[in-house]
Amino acid sequence: MAVKLDVFLLTEILLPETIEEQRKMAILLDSTKKEILLLKKRANAYRRQKRGLMQKLLTGTWRLKTIYE
């Protein structure tokens, strides 16, 4: 997605007026960053778990019971 220069130059950018407001924004961004990192770690753990489970199933180490057995 691209923004044309004339549109960009006409865009009003609001900045925090006080140091306290900047601190609050920094805290919010830091906590959001931490949450994203935790979610990425959880997703990677699930991927590793899935790989391990698939390995067990595909090598025949584990067998699934079906309704026909």
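The values are calculated or read from the model by the stated rules, or taken from the named source; none is laboratory data. This structure is a prediction, so every number in the text was calculated from the model and none was measured. Note: ideal-geometry Cβ built from the backbone for every residue, glycine included; neighbour counts use all protein chains shown. For accessibility, only protein heavy atoms count, side chains too; no ligands or nucleic acids. Shrake-Rupley method; radii C 1.70, N 1.55, O 1.52, S 1.80 Å.
Please calculate how many Å² of accessible area the chain carries per residue, with a 1.4 Å probe and no DNA, RNA or ligand atoms counted. Walk me through the intermediate numbers first.
Numbers: 7550 Å² over 69 residues.
Each residue of the chain exposes 109 Å² on average to a 1.4 Å probe.
What lysines sit close enough to residue 50 to cross-link, taking a C-alpha to C-alpha distance under 23 Å and skipping anything fewer than 8 places away on the same chain?
Within reach: 40, 41, 65.
For a label point 7 angstrom out from the Cα of residue 62 toward its Cβ, which stretches of the range 27-48 have the backbone nitrogen within less than 20 Å?
Within reach of a label on residue 62, which here means backbone N under 20 Å from a point 7 Å along Cα→Cβ, the range 27-48 contributes 42-48.
What's the carbon and sulfur percent of the chain's accessible surface, probe 1.4 angstrom, rounded to a whole number?
Whole-percent figure for carbon plus sulfur exposure: 62.
In the full protein assembly as shown, how much of residue 42 is accessible to a 1.4 Å probe, in Å² to the nearest 10?
140
When the C-alpha atoms of the chain are aligned to their principal axes, what extent does each axis show, in angstrom, from largest down?
69, 33, 21
For the range 1-50, which GluC sites (Glu not before Pro) pass both filters: DSSP loop (anything but H, G, I, E, B) and at most 14 other C-beta atoms within 10 Å? Mind showing how you got there, number by number?
Numbers: sites: 12, 17, 20, 21, 35; in loops: 12, 17.
Sparse-neighbourhood loop GluC sites (Glu not before Pro): 12, 17.
Heavy atoms only, 1.4 Å probe, whole protein assembly: order 68, 46 by accessible area, highest first.
Details: 68 200, 46 135 Å².
If we order 68, 46 from most to least accessible, we get 68, 46.
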